[in-house]
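Each remark here refers to the structure printed beneath this line.
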Amino acid sequence: MSDKQRVTRRQFLTYTLMGVGGFMAAGTVMPMLRFAVDPALQAKAGGDLIATGLKESEITNEPQRVDFKFDQQDGWYESQVTQSAWVYKDNNGDIIALSPICKHLGCTVNWNGNEEFPNQFYCPCHFGRYEKDGTNVKGTPPRGPLDRYDYEIKDGVLYLSMRAKPRGGA
Amino acid sequence: MRWTAKESALFFESKEYIDTALVPLTPIAFDEQGRETGNANEFIQLITMNIEKQFKGRILLLPAFTYFHSESDDWKNQLLASWLNELKSNFKHVFIISTDQSWKPILEKSGNEFIWLPAVPLEHLEDEYKTTIIEGQVKQLLNLFVMKWQNAVSQ
């Protein structure tokens, strides 16, 4: 018994203080590390994409309206959200998915919504207009271009992001 | 716009653009008509929320003008008349919408924009059909608003 190495009081205190100090240091350093690496841990945008039921082959040069639904937790209230998009392929064959929400006060815009302004998006509320690529027509109420959805093609089907993102002003 | 904290604030900021009020008239009853009024309430809510979504920037959707079915006509008429007075001094266009037919003669005679809709029984409908039916109805109603606005411009 007596030849087993005994822990002196000094050693005991050193170990204890090192242990506690180590935890305290970890407590401050860990969140910093977590913040630093956070962007890398974020779920890929692909995780939030919603299937629209529109096949890639059905997308033409003419904007068409697509509705897609998903469940959203809003506080304690779960609701089903229906979003709409105007989808078409531009001259380069890239897919463009525009939000139909007018940038003026939030009405719903329609492609070719007014016979007097063919090939434009038209807002019936205050006669705002947008070009095919979503750029607002100068002299009409909207101050910016229509928002765009992120998109992805999976198994030939169009997936869109839950929310559309604003673009820079025109 | 809806009458919520956020949107009412936006309403006061952009008041000159929001020139149209939409008022649902919603009856309540606790007798044998009770279930019908419950259905009608849901129906009108869905319809008006859909209209509001389309025309968010120009229409203010008011909380429903709610009354008991059993209340006397005189009382209801008086109260609604004072609502409409107040609304007309703040909005260029006031649309009234209801499933309750009894309003029809009075409101149309006094030259109001009154939309009467027969309520569709929603109780046994699945959500998907519900949406289709509501959207179909709303599509037809949207024109009423657009036409009214265009007439106001051309005058």
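Where strands (runs of 3 or more DSSP E) fall wholly inside region B:44-113, the ranges with 3 or more residues that are of a type in the set (Phe, Trp, Tyr) are B:65-68. Whenever a residue of region A:96-123 is at the interface with chain B (Cβ under 10 Å from one of its Cβ atoms) and farther than 17 Å from residue A:141 by Cα, it has no partner that is in a loop (DSSP other than H, G, I, E, B) and small (Gly, Ala, Ser) lying with C-beta atoms less than 6 angstrom away and at least six residues away or across chains. For region B:23-34, the condition of being aromatic (Phe, Trp, Tyr), farther than 17 Å from residue B:141 by Cβ and assigned to a strand (DSSP E or B) holds for none of the residues.
So that you can scan it fast, the table gives a plain yes or no per residue for (1) in contact (Cβ under 8 Å) with a residue 60 or more places away in the chain; (2) among the polar types (S, T, N, Q); (3) away from chain A (no Cβ under 14 Å); (4) out of contact with any Leu (no Cβ under 8 Å at 6 or more places or on another chain):
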position: B:27; (1), (2), (3), (4): yes, no, yes, yes
position: B:37; (1), (2), (3), (4): no, yes, yes, yes
position: B:63; (1), (2), (3), (4): yes, no, yes, yes
position: B:69; (1), (2), (3), (4): no, no, yes, yes
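Tell me, yes or no, whether region A:141-149 has at least one residue that is surrounded by fewer than 19 Cβ atoms within 10 Å (Cβ to Cβ), at pLDDT 90 or above and over 29 Å from residue A:51 (Cβ atoms). Among the residues of region A:141-149, at least one is surrounded by fewer than 19 Cβ atoms within 10 Å (Cβ to Cβ), at pLDDT 90 or above and over 29 Å from residue A:51 (Cβ atoms), which makes the answer yes. For region B:119-155, residues that are closer than 23 Å to residue B:20 by Cβ and over 19 Å from the mean Cα position of the chain (by Cα) total 6. Mind checking whether some residue in region A:25-33 is modelled with pLDDT of 90 or more, closer than 29 Å to residue A:144 by Cα and not in a strand (DSSP E or B)? There is no residue in region A:25-33 that is modelled with pLDDT of 90 or more, closer than 29 Å to residue A:144 by Cα and not in a strand (DSSP E or B). For residue B:57, the criteria (1) within 14 Å of chain A (Cβ to nearest Cβ); (2) in contact (Cβ under 8 Å) with a residue 12 or more places away in the chain; (3) more than 14 Å from the chain's Cα centre (by Cα); (4) loosely packed, with under 15 Cβ neighbours inside 10 Å hold in every case but one, which is (4).
Residues in region A:83-95 that are in contact (Cβ under 8 Å) with a residue 40 or more places away in the chain and within 14 Å of chain B (Cβ to nearest Cβ): A:83 only.
Here is a check on your reading of the model: is residue B:95 surrounded by 12 or more Cβ atoms within 10 Å (Cβ to Cβ), in contact with a Leu (Cβ under 7 Å, 6 or more places away or on another chain), among the aromatic types (Phe, Trp, Tyr) and more than 22 Å from residue B:121 (Cα to Cα)? Criteria met by residue B:95. Remark: residue A:130 matches the filter, which requires a residue to be buried (at least 19 other Cβ atoms within 10 Å of the Cβ), free of Cβ contacts under 8 Å to residues at least 40 places away in the same chain and hydroxyl-bearing (Ser, Thr, Tyr). Residue A:57 meets all of the listed conditions (1) assigned to a helix (DSSP H, G or I); (2) hydroxyl-bearing (Ser, Thr, Tyr); (3) under 23 Å from the mean Cα position of the chain (by Cα) but one, namely (3). Of B:41, B:90, all but one fail to be more than 14 Å from every other protein chain (Cβ to nearest Cβ) and more than 15 Å from the chain's Cα centre (by Cα); the exception is B:90.
The values are calculated or read from the model by the stated rules, or taken from the named source; none is laboratory data. Everything numeric in this text was worked out from a predicted model, so none of it was measured. Methodologically, a virtual Cβ is constructed for each residue, glycine included, from the backbone with ideal geometry; neighbour enumeration extends over all protein chains shown.
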